[in-house]
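The block underneath contains the structure these notes are about, expressed in structure tokens.
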Amino acid sequence: MKNNKKFDDEELNNRLDLAAAYHLADKYGFSDVIWNHITCKTSSKKNTFLINRFGLRYDEVTASNLIEIDLDGNIISGEGEINYTGFVIHGAIHNSREDLRCVMHSHSQAGLAVSCLKDGLEILIQDSAMFHKRISYHDWQGMSTNTEECESLRNDLGKNNAMILRNHGLLTAGKTIGEAFMLMYYLDRACRVQIDLLATNKDIIKPSNNLLEFAAGQYEDPDFRLGEHEWPALKRMLKKNNSIYDQ
Ligand SMILES: [Zn+2]
Ligand SMILES: [Zn+2]
């Protein structure tokens with residue numbers, strides 16, 4: 001992308017990473033034609049966030065066609081419209097969790113399936129241990145078109161970085177775009193494995209609570225930074241496939 005100094009370096013990098021996240025989300029089955037959103041704070045200097053222009057497929061999102069909106073949902077820069085539910089859901093979190101720069105929301109098929117299970121996500125495989133007692137639930141209230149839902153979204157997420165929107169889908173958030181993306185990757189896979197296991201009707205080995213707590217702690221080691229190594233590798237894949245996100 002030729003930066004005609006419209007964006008400073010920090011904003012440009014955020015725009016590039018966010019656009020990359022849309023292309024990668026499409027590849028990994030987290031897109032939904034034109035619906036849903038991945039958002040990130042525009043830069044540390046601005047109290048706004050970036051969101052996809054309404055009507056674009058995920059693979060059409062680029063660094064420059066992202067729309068900047070403020071925490072009241074007003075469009076600050078960019079052409080076109082936004083999907084208001086994106087502002088309601090993502091704004092609720094950007095508004096309250098300063099530590100989270102990126103919020104990702106998907107209607108992946110397995111995520112939808114688990115979102116309808118009364119007991120929610122079952123922690124069974126190694127890398128779902130990161131969600132052990134660290135995932136929130138938010139009850140469905142119809143389409144999120146009203147900012148009155150923001151408070152319950154905020155309260156339900158609490159201190160966690162992942163949430164199952166019951167009868168609706170998945171939400172993850174991270175300090176970085178790579179972290180939010182990898183959380184979605186692991187959460188969606190945990191859902192897929194759970195649904196696959198249900199279909200086998202066989203007895204399941206369930207890790208003990210102690211073991212899950214131990215493993216969850218391993219993922220919280222400060223040296224384990226989810227997305228740090230995966231994100232550059234994922235972006236190299238976009239480059240290799242000539243994905244146009246950096247315009
Ligand atoms: Zn949704
Ligand atoms: Zn969303």
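Along the chain, the longest continuous region that contains none of the GluC sites (Glu not before Pro) in a DSSP loop with at most 13 other C-beta atoms within 10 Å is 1-78. Computed on the chain, with alpha-carbon pairs under 8 angstrom and 6+ residues apart, the relative contact order is 22 percent. Couplings 3J(HN,Hα) for the stretch 58-69, derived from phi with the Karplus relation 6.51 cos²θ - 1.76 cosθ + 1.60 (θ = phi - 60°), are 4, 7, 9, 6, 10, 4, 8, 9, 5, 9, 8, 10 Hz, where x marks Gly and Pro. Remark: the Trp35-Leu124 segment gains 29.0 nm on full extension, using 0.36 nm per residue and subtracting the alpha carbon distance. In the full protein context, the stretch 114-247 carries 58 Å² of accessible surface per residue, based on a 1.4 Å probe and ignoring ligands, DNA and RNA. This model, with +1 at the C-beta of Lys and Arg and -1 at the C-beta of Asp and Glu, gives the stretch 9-239 a dipole about its Cα centre of some 380 debye.
Counting Lys and Arg as +1 and Asp and Glu as -1 over every other residue whose Cβ lies under 12 Å from the Cβ of Asp59, the net charge comes to 0. In the assembled protein chains, Phe214 presents an accessible area of approximately 120 Å² (probe radius 1.4 Å). Note on Lys6 and Asp223: the extension gain reaches 74.6 nm, defined as 0.36 nm multiplied by sequence separation minus the Cα-Cα distance.
If R₀ is 41 angstrom, what is the calculated FRET efficiency for the pair Asp70 and Ile244, using the beta carbon separation as r and rounding to 0.05? Efficiency computed from Cβ-Cβ geometry: 0.90. Residues with beta-carbon under 13 Å from that of Met237, excluding Met237: net charge, scoring Lys, Arg +1 and Asp, Glu -1? Overall, the nearby charge balance is +3.
Cysteines in the chain lacking any other cysteine Cβ under 4.7 Å from their own Cβ: Cys116, Cys150, Cys191.
Surface calculation, 1.4 Å probe, protein heavy atoms: Tyr219 sits at approximately 50 Å² accessible.
Electrostatic tally near Ile89: other residues with Cβ closer than 14 Å to its Cβ, Lys and Arg +1, Asp and Glu -1, net -3. Beyond 24 Å between alpha-carbons counts as too far, so tell me which of Lys41/Lys240; Lys175/Lys240; Lys133/Lys175; Lys27/Lys175; Lys27/Lys202; Lys41/Lys159 fall in that bin. The answer is Lys41/Lys240; Lys175/Lys240; Lys27/Lys202.
Relative contact order for the stretch 109-187: 34 percent, from Cα pairs under 8 Å spaced at least 6 residues apart, divided by residue count. How big is the accessible area of Cys116 in square angstrom, nearest 10, if you roll a 1.4 angstrom probe over the protein chains? Approximately 80 Å² of Cys116 is accessible to the 1.4 Å probe.
For the stretch 1-91, build the charge dipole from Cβ charges (+1 Lys, Arg; -1 Asp, Glu) around the Cα centre, then report which of Phe87, Ala19, Tyr58 sits farthest towards its positive end. Farthest towards the positive end: Ala19. Whenever you get a sec, compute what percent of the accessible area on the stretch 9-239 sits on carbon and sulfur atoms (1.4 Å probe). With neighbouring chains kept in place, the figure for the stretch 9-239 is 50 percent.
The values are calculated or read from the model by the stated rules, or taken from the named source; none is laboratory data. Values in this document were obtained by computation on a predicted structure and should not be read as measured data. Glycine also receives a Cβ, built like all others from the backbone with ideal geometry; neighbour counts cover every protein chain displayed. Ligands, DNA and RNA are stripped out before the accessible areas are found, and what is left, the full protein with its side chains, is counted by its heavy atoms. Shrake-Rupley method; radii C 1.70, N 1.55, O 1.52, S 1.80 Å.
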